[in-house]
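Reviewing the structure listed below.
The values are calculated or read from the model by the stated rules, or taken from the named source; none is laboratory data. These numbers come from a predicted model, not from an experiment. Counting neighbours? That spans all protein chains shown, and the Cβs are built from the backbone with ideal geometry, glycine included. When the accessible area is computed, the model is the full protein with side chains, heavy atoms only, and any ligands, DNA or RNA have been set aside. Shrake-Rupley method; radii C 1.70, N 1.55, O 1.52, S 1.80 Å.
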2 protein chains.
Amino acid sequence: MTFSLTVHATAGAARAGVFVTPHGPVSTPAFMAVGTLATVKALDPLDLEAMGAQMILANAYHLHLRPGDEVVRELGGLHQFMGWNGPILTDSGGFQVFSLEGLRTVTEDGVEFRSHIDGSRRHFTPESVIRIERNLGADVIMQFDHVVPGQSEEGVAREAMERSVRWAGRCLEEFERLNGQGLGSRVSGLGSSRPETRDPRPVQVLFPIVQGGIHASLRMQSVRALVDMHDWAGYGVGGLSVGEAKADMYGMLDVVDAALPADRPRYLMGVGFPEDLVEGVRRGVDLFDCVAPTRMGRNGTAFTDEGRINIKRADFRTDPRPIMEGCGCSACRRFSRGYVRHLFVSDEILGLRLLSLHNVHFLVSLMRDARAALAAGTFDAWSLDWLARHHSKPEAQAR
Amino acid sequence: MTFSLTVHATAGAARAGVFVTPHGPVSTPAFMAVGTLATVKALDPLDLEAMGAQMILANAYHLHLRPGDEVVRELGGLHQFMGWNGPILTDSGGFQVFSLEGLRTVTEDGVEFRSHIDGSRRHFTPESVIRIERNLGADVIMQFDHVVPGQSEEGVAREAMERSVRWAGRCLEEFERLNGQGLGSRVSGLGSSRPETRDPRPVQVLFPIVQGGIHASLRMQSVRALVDMHDWAGYGVGGLSVGEAKADMYGMLDVVDAALPADRPRYLMGVGFPEDLVEGVRRGVDLFDCVAPTRMGRNGTAFTDEGRINIKRADFRTDPRPIMEGCGCSACRRFSRGYVRHLFVSDEILGLRLLSLHNVHFLVSLMRDARAALAAGTFDAWSLDWLARHHSKPEAQAR
């Protein structure tokens, strides 16, 4: 069944399952690497495949501006364009558009803004964004939503949440209109619509986004309104990890995940620090994404079981150990800290790739470990132990 | 027999053979990718392995400054440091030191210069350079030579050539002193000295460098003096492709290759444009190196059978064809010109890698084709045909 989630094991709110897409299954919980511009920065699709990355992200806002969603469509859609035959999800660009402080005007119709690249005037509506995501052709596409800062007061958060619900309805209507006879809009029963048939209409599914800031009642209202509107194949949880306290984020996850249908995947948007992934899985999240592993990798910062390290540290100069001892990634299996440090000090491109690779592998592996612990029935102890070890090593971060 | 060359096929001056090193055989003629700072820029050693690159280069001058040749030695030597278990050659840095116009003072003893990184004062002698190359641990190490511009008049070229010969003698003496009982200094018969034994003294061989500018008599004198001095395992031909006319370069190759011992590999230093490789093979060259494929790749220029193309061209925006049609490289098998153009326009790191990969693959494949033609007895026709096709497409370069 296309776009179905099957849960195999649970531990409290946490669960392990398989989310089926037209481009293959995704074992959940899973971390999705971010390929904003149709490339996970500094990595090759083969690197992602080799490390067991299952599903990746791209961004509708960025790809609409460069190279243009119609160029991507003309070149065969995102999968063919970027050489990734696994599942892809596109974010709608709501987060990006609403981050353009001072450059945008919001109305009920949509958002007018200026391109961050050339300053050209652009207009996004729920309908136009769905058409962009249709051109891009990802497996899962996200609604266009109204994102406000994490600490927004209730009135502001309510307005954005209610608008996001209305926009979810408009996105759905446009999505179903484009689907014509419904191809790609159904949650299941699409076994005959294989991507290999080169049907110009990709088999896609639309996720709405739960909003409501750090206000439990708003989050509940958002979930109820969306669930009442449609039998969605999955749900995004947005507007978190945007400046609010960690405790607030975890509190919202407790509220939201308890209210969402248990047989649909939940995608916590933009959250991807190691400890947040483990805390998220404990609260029932199935999918995560974040630019942190590649962005920090390009800055010379590596995730390790003992916290973060800066590979440029002088004492790594002749360090023969891998970036992280015991790590099975392609960088750690082959190179020393001394070598990776040398690459960074000398501005060599391979350094950016090796540390990005290690960091994405770290999160992909962390979710693999979480799935294994869920399957083995040891998740609660495993996750508490992992969090205790991670939190007990602040000095590695401070260095 | 370590460091022996066996010639299997010839066509006029051209020859195909196998050059054996402690880190494996090199089928010749071969192009060596340049990894100046112990990394072939933008590529992974696995990329080089996958495309059939056999032997690569690193640079003693650059690695002495960063990270320091003693750091490389402490981290296991170049092979382990950079994760490349195939043959490696280090250039001595003569070319780099003599390129530091105004920053250097040359005496018979050596060269005093300022580091291009921090301006610190440094002193290279033939002996100190051999100690640096010993620390780095490449299979083949080059003598420290005196390089002058390609168009230098006879007096200047003679002085540099004669000094290079004297410095070859000093390099050899220091090399043999370091080798103690001769380990690594012999051309053959070292079957028992495998690198796996972790002998701290790497099994290396030293190549002298033929100089003499564009003056045939000086080139002949250089060859005779070097051949009389020692039974070298191979010979570098330096001071070409440094500003002289192509015809002058080819003329010097005719002179030098006819005079060098036929059973020793000839390495034409720093020469690596496609047509120069084919012309060089026709004149008996076995090994080439050049930064052009990676440097041009990072600039958005791709080698093709029809000449060079700039991937950023506007008309490639929706071009579904690979960088070069018919190319079997990992970039061309997977990605369109439209995608690679998008990566360059968006400053994405993957673009640098894909075009560098394609360009190095282009030269590695070109030499593979040359070897196949030599083995098949069709080299003369193949090479003339290749040159005619390459020269008949100037418009591809002009665009």
Original post:
Label-point separation (nm) for B:Glu176 and A:Arg321, each offset 7 Å from Cα along Cα-to-Cβ?
Top reply: 4.6 nm
Original post:
Taking every DSSP beta bridge that has both residues in the range A:225-373, what percent is antiparallel when rounded to the nearest 5?
Top reply: 45 percent
Subject >> Neighbour net charge for B:Arg104 - beta-carbon separation under 11 angstrom, K R +1, D E -1 >> reply: +1
**OP:** Shielding by partners for A:66-76, please: the mean number of other protein chain Cβ atoms within 10 Å of each residue's Cβ.
**Re:** 4
Original post:
Once you sort the root eigenvalues of the Cα gyration tensor of the range B:97-168 as a ≥ b ≥ c, which label holds: rounded (a/c under 1.5), prolate (a/b larger than b/c) or oblate (the other case)?
Top reply: oblate
Original post:
Considering protein heavy atoms only and a 1.4 Å probe radius, which residues within the range B:328-352 exhibit an accessible-area decrease of no less than 30 Å² in the full assembly relative to the chain by itself?
Top reply: B:Arg334, B:Phe335, B:Tyr339, B:His342, B:Ser346, B:Glu348, B:Ile349, B:Leu350
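First select every other residue whose beta carbon is under 10 angstrom from the beta carbon of A:Ser115; then total the charges, Lys and Arg +1, Asp and Glu -1.
Local net charge: +3.
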Original post:
What is the count of Lys pairs in the protein assembly as shown whose alpha carbons sit under 24 Å apart, if the two are 8 or more places apart or on different chains?
Top reply: 9
Subject >> Per-residue mean of C-beta atoms belonging to partner chains within 10 Å, peptide A:33-46 >> reply: 4
Original post:
Is the shape of the protein assembly as shown rounded, prolate or oblate, going by the alpha carbon gyration tensor and its root eigenvalues a ≥ b ≥ c, with a/c under 1.5 for rounded and a/b larger than b/c for prolate?
Top reply: prolate
Original post:
Using a 1.4 Å probe on protein heavy atoms only, how many Å² of accessible area do A and B hide from each other, summed over both chains and rounded to 100?
Top reply: 3200 Å²
**OP:** Assuming a ≥ b ≥ c are the square roots of the Cα gyration tensor eigenvalues, decide whether the range B:298-339 counts as rounded (a/c under 1.5), prolate (otherwise, with a/b larger than b/c) or oblate.
**Re:** oblate
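Per the Kirkwood formula on distinct C-alpha pairs, the Rh of the range A:278-398 is how many angstrom?
15.1 Å
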Subject >> Net charge of neighbours whose Cβ lies under 10 Å from the Cβ of B:Gly17, counting Lys and Arg as +1 and Asp and Glu as -1 >> reply: 0
Subject >> Modelled FRET efficiency - R0 30 Å, B:Ala13 with B:Glu49, Cβ distances, 0.05 increments >> reply: 0.45
Subject >> Percent antiparallel among DSSP beta bridges (both partners in chain A, rounded to 5) >> reply: 50 percent
Original post:
For the range B:26-106, which whole percent of the accessible surface, found with a 1.4 angstrom probe, sits on carbon and sulfur atoms?
Top reply: 46 percent
Original post:
What number, rounded to the nearest 500 deg cm²/dmol, is the helix-based mean residue ellipticity at 222 nm of chain A, given -39500 (n - 2.57) per DSSP H run of at least four residues and division by all its residues?
Top reply: -12500 deg cm²/dmol
Subject >> For peptides B:150-161, A:259-270, A:144-155, sequence by mean Cβ density within 10 Å, most packed first >> reply: A:259-270, A:144-155, B:150-161
Original post:
How much solvent-accessible surface does A:Met220 expose, in Å² to the nearest 10, with a 1.4 Å probe and all protein chains in place?
Top reply: 50 Å²
Original post:
When you count, for each residue, the other Cβ atoms within 10 Å and take the mean per peptide, how do A:226-233, B:126-133 rank with the highest first?
Top reply: B:126-133, A:226-233
Original post:
What are the nm distances, shortest first, from B:His230 to its equivalents in the other copies, labels at 7 Å along Cα→Cβ?
Top reply: 7.7
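How much accessible area per residue does chain B have, in Å², with a 1.4 Å probe?
37 Å²
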